[in-house]
Amino acid sequence: MHSKKVRYMTAFAAVICLAWLVGFGWTVKDYLIGSGRGVSLAAPAEQPAPEGQAGKVVALGDSLTRGTGDDEGKGYAGYLADELKEEGFRASMVNLGIKGLTSAGLLEQLGQKEIARQVGQADIVLLTIGGNDLFLGGQTLSDLSAASLAKLEDAFAANLASILETIRSANPAATVYLLGLYDPFRELEDGAETSRAVRSWNARTMETISAYDDMVFVPTYDLFQRNTADYLFTDRFHPNGRGYRLMAGRLAALIAEEGGAP
Amino acid sequence: MINLVHNEMMKLLGKRRFLIIGIIIVVLLALFAYAQARQSEAVKERLGEVDWRTELQQQIVDWQNRLSSAGQWREQLEIQIDQYQYYLDHDVNPSEPGAPSFMRGFTENSAELFLPLLVMIVAVDLVSSERSMGTIKLLLTRPVSRSAVLLSKYIALVLSVSIVIFLFALLSYLISALMFGNKGWTAPVLTGFEVRGGELDASGVRLVSQWQYLLQQFGLAWFISLVVGTLSFMLSILMRSSAAGMGTMLACLISGAILSNMVSSWDSAKYLFMVNLGLMDYMSGSPPPIEGMTLGFSLTVLAVWMAAALAASFAVFTRKDIY
């Protein structure tokens, strides 16, 4: 190697060494001594919804929306997106479901700015909620008395009304599909009683939602009524892939029937 | 002295080590850039054409769902969620598309292990190879003191570390600009998050430009590499065989990566240099391996180790019998 070339390289290396030293010194100054500048975070401007793009579906709710129990992890929302794509609808699908969410939790989630913005952009809102309110991680199963059920139902109906109210005020135009509950325990010992509780719960839900325009109650109770075990995941509570496909099929039919809003 | 340094640089450049380092960087970069491109494709596939806010919100919800099964990572995940939520609330995109964002992520992930490894390639046989080849006698018969010889070697090492970081920066820029476009240098980055008692503290958060953040990152990466380089330098004096030095240093680095994940209750481990190499975490606001560690603390520990290694190097080299 030429001596001259090496000389250039060495000089060049010295220069970049200096550059890194500056970077290092700057870091030390900013992070150890303090940058001297305060927080300069302006309040973010309101984001207008992007116009003229393909339809948007926003799925809200609990583990059913999340897709717990589905081997492919898609859940009814994922299968619905697949079906809509097959039928030629271009829609983006945003899944904001959180495992274990109760109606109170959903109400809190809807209070977040970005969640409200997402709902505001949606053409279709999908919703599963109430399962965790009713079954409370198994507690309800030991106390199926009419009085305690009525108490749960009242609280849920009030929350649900606020949820639908919030969705409507964030988005006056979107169609909302609320999926009803099915009874995962119908083949157990107390099956008759849990089924009765679920039916009553669904009736109350349907009653609440009927007060709003463009909000549709989609039953799932009948889907899981026969051969329940075949459609449930090994936890005997969440649907499996087949169960979710049934739910998605029902939604796809409804959405396509409306002329494919998205 | 300058002539001595030139002499050392000539030897280093003659070995074509930088070419090998460049090739390693390019191969890895191509892999990561491709993985990144696939990742964003998969997101598009799943969500459709959406803006970054939607993507970020989806990411946050996905993580929230993972919380219940996160086990020991729960706290870390929670902090990450809080941080992203902060980005979202303040309308700042945490990964503005473009080359600088990719470089930022890549540097953050390579500073702890990958860059030090590259530096080791240069540093680990700086002295020991001279000994195994027998050229050290020629070097020491010159009319200069032994410490001057060693100092010239060390300066050459510092310059080499700078070159390695420069190569890394240049190549990662070229490849990512090619794949993601040359934009987003002035995009804002939120920094100054702190983790206190397992909670994210956003009171000291401030906005910086991405180019500034990148320069600071490279500064820190340079320092980390320099520390590892100095320690390898010491090993190349203490050990006759380059392979042994390489093995020792590798063991240290890898044990550091493992220890960082499991020492949270072993308090005195924070004085080990390899647990302190994650300087980038302080910039990005990830929780440190041991509660209570700060940037200042880690820098001090690393500086002390470096000074000790240098002192040991000179002490041994000037007294050792060379035959």
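Some points to look at:
- Using the Cβ-Cβ distance between A:Asp230 and A:Ser169 with R0 set to 41 Å, the FRET efficiency from 1/(1 + (r/R0)^6) comes to roughly 0.50.
- Per-residue ellipticity at 222 nm computed for chain B from its helices equals -23500 deg cm²/dmol, with DSSP H segments shorter than 4 residues left out and the rest contributing -39,500 (n - 2.57).
- When each of A:Lys56/A:Lys151; B:Lys11/B:Lys137; A:Lys5/B:Lys320; A:Lys29/B:Lys11; B:Lys153/B:Lys270 is checked by Cα-Cα distance, pairs over 25 Å: A:Lys56/A:Lys151; A:Lys5/B:Lys320; A:Lys29/B:Lys11; B:Lys153/B:Lys270
- Per residue, the convex hull volume that the Cα atoms of segment B:215-291 enclose (Å³): 87
- Loop-exposed GluC sites (Glu not before Pro) per DSSP, neighbour cap 14 Cβ within 10 angstrom, longest uninterrupted part of chain A: A:88-186
- Diffusion coefficient, µm² s⁻¹, Stokes-Einstein with Kirkwood Rh over alpha-carbon pairs of segment B:173-251 at 10 °C and 1.306 mPa s: 98
- Per-pair calculated FRET efficiency, R0 = 56 Å: A:Leu21 and A:Ala192 via Cβ, rounded to 0.05: 0.10
- Debye-sum result for chain B in log10 I(q)/I(0), which assumes one identical scatterer on each alpha carbon, at q = 0.07, 0.11, 0.14 Å⁻¹: -0.34, -0.78, -1.14
- Based on every Cα atom in segment B:1-100, Rg and the maximum pairwise Cα distance Dmax equal 21.7, 63 Å.
- Kirkwood-Stokes translational diffusion coefficient of segment B:74-114, alpha-carbon pairs, 25 °C, 0.890 mPa s, µm²/s: 210
- Proportion of all alpha-carbon pairs of segment A:140-196 beyond 15 Å (%): 63
- Shielding score for B:45-57, defined as the mean number of other chain Cβ atoms within 10 Å: 6
- Ellipsoid semi-axes in whole angstrom, largest first, where each is sqrt(5λ) of the Cα gyration tensor of the protein assembly as shown: 60, 24, 21
- Taking each DSSP H run with n ≥ 4 as -39500 (n - 2.57) and averaging over every residue of chain A yields -15500 deg cm²/dmol at 222 nm.
- ³J(HN,Hα), Karplus 6.51/-1.76/1.60, whole Hz, each residue of segment A:172-182, x for Gly, Pro: x, 10, 5, 8, 10, 10, 9, 7, x, 8, 10
- Net charge dipole, the protein assembly as shown: roughly 4280 debye, given to the nearest 20, about the Cα centre with Cβ charges of +1 for Lys and Arg and -1 for Asp and Glu.
- P(r) of segment B:146-294 over all Cα-Cα pairs, binned every 10 Å from zero, in whole percent: 10, 28, 33, 23, 7, 0
- Residue list for segment A:83-125, given a label point 7 angstrom along the Cα-to-Cβ vector of B:Arg66 and an amide N cut-off under 15 Å: A:99
- Förster-model FRET efficiency, 22 Å R0, B:Leu170 and A:Lys4, C-beta, rounded to 0.05: 0.45
- Both radii were evaluated on the Cα set of segment A:62-217; the Rg over Rh quotient, with Rh as the Kirkwood radius, amounts to 0.97.
- Shielding of peptide A:56-66 by partners, expressed as the average count of other chain Cβ atoms within 10 Å per residue Cβ, is 1.
- Both radii are taken from the alpha-carbon atoms of chain A; with Rh as the Kirkwood radius, Rg/Rh is 1.23.
- Between A:Asp71 and A:Ala158, residue separation times 0.36 nm minus the direct Cα-Cα distance comes to 27.9 nm.
- Accessible surface buried upon B-A contact (total; probe 1.4 Å; Å², nearest 100): 4600
- Range in chain A, longest, excluding exposed trypsin sites (Lys or Arg not before Pro) [loop by DSSP; at most 13 other beta-carbon atoms within 10 Å]: A:91-225
- Scaled to the globular estimate 2.2 N^0.38 Å, the Cα spread of segment B:251-293, given as radius of gyration, is 1.04.
- Partner chain coverage, peptide B:196-204 - average Cβ within 10 angstrom: 1
- Each residue of segment B:1-59 gets 121 Å³ once the volume of the Cα convex hull is shared out per residue.
- Relative to the dominant Cα principal axis of chain B, helix B:242-262 is inclined by about 30°.
The values are calculated or read from the model by the stated rules, or taken from the named source; none is laboratory data. If you're wondering where the values come from, they're calculated on a predicted model, not measured in any experiment. Cβ atoms come from the backbone with ideal geometry, glycine included; neighbour counts cover every protein chain shown. Accessible surface areas use protein heavy atoms only, side chains included; no ligands, DNA or RNA. Shrake-Rupley method; radii C 1.70, N 1.55, O 1.52, S 1.80 Å.
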